[in-house]
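The values are calculated or read from the model by the stated rules, or taken from the named source; none is laboratory data. Everything numeric here is computed off the predicted structure, so don't read it as measured data. Cβ placement follows ideal geometry from the backbone for every residue including glycine, while neighbour counts extend to all protein chains displayed. Calculation scope for accessible area: heavy atoms of the full protein, side chains included, ligands and nucleic acids excluded. Shrake-Rupley method; radii C 1.70, N 1.55, O 1.52, S 1.80 Å.
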Amino acid sequence: MLKNPASKYRAFAPVALKDRTWPDAQISRAPRWLSTDLRDGNQALIEPMDLQRKLRMFELLVRIGFKEIEVGFPAASQVEWDFVRQLIEEGRIPEDVTIQVMTPAREELIERTVQSLQGARRAIVHVYNAVAPVWREVVFGMTVPEVMALVDRHVRQVRALTDARPETEWVLQYSPETFSLAELDVSLEACETAIAAWGPGRPIILNLPTTVEAATPNVFADQIEWMARRFAYRPEVCLSVHPHNDRGTGTAAAELALMAGAHRVEGCLFGNGERTGNLDIVNVALNMYVQGVSPGLDFSDIDAIRAEVEHCNQLPVPARHPYAGDLVYTSFSGSHQDAIKKAFSARREDDVWAIPYLPIDPKDLGRSYEAVIRVNSQSGKGGMAYLLETEYGVQLPRRLQIEFSQVVQRAMDVQGKELSAADLWAIFCSEYALDDTPALRQRRIAAHDGTRGAAQTELGGTIQWQGRERALQGTGNGPVDAFVNALSAATGHGIRVLDYQEHAIGGTGLVGGDARAAAYVELRVDDSRQVFGVGMDHDIVSAAIRAVTSGLLRAERSQPVAQRPAEPALVA
């Protein structure tokens with residue numbers, strides 16, 4: 001028998017923090033954001049960005065509103081060095097934007113990194129070293145005191161090099177790399193060592209990463225709150241978090257960390273990064289947005305941002321990616337579509353956003369409502385009605401929606417593919433004979449008092465029916481009633497109107513610039529069939545008459561030939 005693979009793993013120990021406060025906290029303001037797309041994200045690409053793509057990414061990040069951007073690892077390669085120099089020498093860094101560069105704790109790399117920043121107005125130098133046991137003991141073969149000596153020595157080197165360049169405003173960022181896997185007292189000692197070497201009272205960012213996610217996000221929140229309490233009264237210290245997504249909970253880890261006292265969040269657009277990726281900053285930012293907190297980042301044209309990131313990274317954003325994917329605002333399910341349609345119909349312009357299945361208004365991100373409801377074999381009447389109303393202006397009565405959904409389902413069973421609004425409209429026009437409703441030459445003869453003293457409408461004219469011209473002559477309590485009576489006589493069918501609804505259609509692609517009327521009638525034909533008919537015309541009476549003929553044509557289509565009535569005689 002195979003050994004249980006779980007036996008070689010150990011559960012991550014919880015943090016002894018019995019009086020934790022973060023579970024009752026609420027995110028009420030945006031953190032400081034740092035984009036690592038140009039460094040951590042770039043090193044994870046199959047084909048790292050060249051200078052042109054790096055510049056496009058930098059300009060995109062500036063447009064979105066990032067005020068702190070990690071632009072590279074200048075000691076790692078000539079491309080990285082050249083990009084940092086290009087930004088500085090060509091004056092491409094806005095005055096309110098601070099660039100950050102990173103370096104491991106190694107003397108020669110630190111020196112070259114600081115050199116790369118010559119002439120910058122303000123810069124963050126990010127120094128890191130791993131502190132977790134397996135890295136200390138196995139990878140580097142160091143004791144805890146040796147790790148602390150390394151931190152002290154290299155931070156002092158950064159201080160000496162930057163003090164010699166007073167024209168730049170310098171900030172140190174120190175990362176106890178592998179923080180999430182390290183003992184908290186060791187991480188705290190490393191941070192305190194860095195603060196002391198940099199100089200008490202000088203601005204410092206302590207970046208606490210989940211270099212590899214190994215615990216549930218609540219454990220990371222406990223780790224952050226444990227650290228935050230130690231620095232709560234030191235305003236020069238900024239606690240930053242850098243979550244990765246190995247367990248798929250990077251977003252949760254970042255949000256709980258903010259609730260636990262973190263001030264700053266690092267990540268990439270759409271979660272690019274090593275292995276399963278860095279934190280997705282878009283996700284965290286827009287999660288705040290839908291809770292009524294402005295993230296301070298502009299994602300109002302999410303599709304353009306996604307396209308630019310895909311170009312720069314040469315990686316696609318999945319269709320189901322939160323907020324940005326092609327299908328994330330789309331409902332195929334009939335029950336979902338019905339709920340969305342009803343909520344849109346009931347919503348007023350200034351209402352708080354409360355639409356089922358749509359946590360955010362797609363229009364706030366530059367999306368239209370066109371893709372919110374799409375029709376496939378799982379869809380119901382609500383989605384079809386929504387598309388026809390939004391795209392073509394027709395407002396189908398509920399029972400007509402039910403009838404038409406059955407027509408669409410039959411077409412779907414044959415085609416087996418998604419139907420667009422144009423596809424639905426073509427099926428609708430064909431089913432309800434909107435394109436070939438018999439040409440009517442109808443005239444109202446008179447409205448006069450009948451024998452019982454009531455006003456009656458007499459209608460006369462001709463109609464093309466089943467390939468023959470037929471005379472129409474009828475009387476009723478209105479033009480539609482008169483037409484129904486005349487059509488019954490001309491075709492030999494018993495016709496009764498069960499329901500009638502109408503509305504105006506104006507200025508849509510269906511009718512051009514002129515308003516038209518839509519009429520819907522529910523008919524009982526020969527006491528055996530119940531059908532809807534639809535008619536459209538500039539004149540409401542003509543629309544209603546067309547709806548009646550539409551319904552009768554559909555009734556005849558559904559009746560076997562042997563059961564159809566004999567050809568009626570022409571009325572003189």
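Things worth noting here:
- Dividing the mean sequence gap of close Cα pairs (under 8 Å, 6+ apart) by how many residues the chain holds gives a relative contact order of 9 percent.
- In this Cβ point-charge picture (+1 for Lys and Arg, -1 for Asp and Glu), the chain has a dipole of about 1140 debye about its Cα centre.
- Each residue of the stretch 92-104 was assigned a 3J(HN,Hα) from its phi angle through the Karplus expression (A = 6.51, B = -1.76, C = 1.60, θ = phi - 60°), giving 8, 9, x, 4, 8, 10, 10, 8, 10, 10, 10, 7, x Hz with x at Gly and Pro.
- Assigned charges on the beta-carbon of Lys, Arg, Asp, Glu; the stretch 173-271 dipole about Cα centre (debye): 300
- Peptides 307-318, 172-183 ordered by average Cβ neighbours within 10 Å, highest first: 172-183, 307-318
- Lys, Arg +1 and Asp, Glu -1 on Cβ, resulting dipole of the stretch 207-365 about Cα centre, debye, nearest 20: 380
- Pairs of Cα atoms nearer than 8 Å and 6+ residues apart set the relative contact order; for the stretch 13-86 it is 32 percent.
- Relative contact order [Cα under 8 Å, 6+ residues apart], the stretch 241-305, whole percent: 29
- Selection from A30, V114, A422, by position along the positive dipole direction of the chain (Cβ): A422
- Solvent exposure of the chain as accessible area per residue, Å², 1.4 Å probe: 46
- Accessible surface ranking that places the most exposed of S28, S420, S488 first, with a 1.4 angstrom probe: S28, S420, S488
- Under 5 Å, built H, 5+ apart or other chain: amide partners of H126: V101, M102, T103, Q173
- The stretch 145-206 and the stretch 1-61: distance between their alpha carbon centers, rounded to Å: 21
- Ligands, DNA and RNA excluded, the heavy atoms of F220 present near 10 Å² of accessible surface to a 1.4 Å solvent probe.
- Solvent-accessible surface (1.4 angstrom probe) belonging to K363, in square angstrom, nearest 10: 120
- Against the chain, whose longest principal axis is taken from its Cα atoms, helix 302-313 shows a tilt of about 50°.
- The label point for E274 and the one for R230, both projected 7 Å from the Cα toward the Cβ, are 2.3 nm apart.
- Taken over the chain, the convex hull of the Cα atoms encloses 237 Å³ per residue.
- Surface composition of the chain: carbon and sulfur make up 50 percent of the accessible area, probe 1.4 Å.
- Solvent accessible area, Å² - V352, 1.4 Å probe, full protein context: 130
- Computed 3J(HN,Hα) for the stretch 522-538, one whole-Hz value per residue from the Karplus formula 6.51 cos²θ - 1.76 cosθ + 1.60 where θ = phi - 60°, is 9, 10, 10, 10, 6, 6, 10, 10, 10, 9, 9, x, 10, x, 9, 6, 5, glycine and proline marked x.
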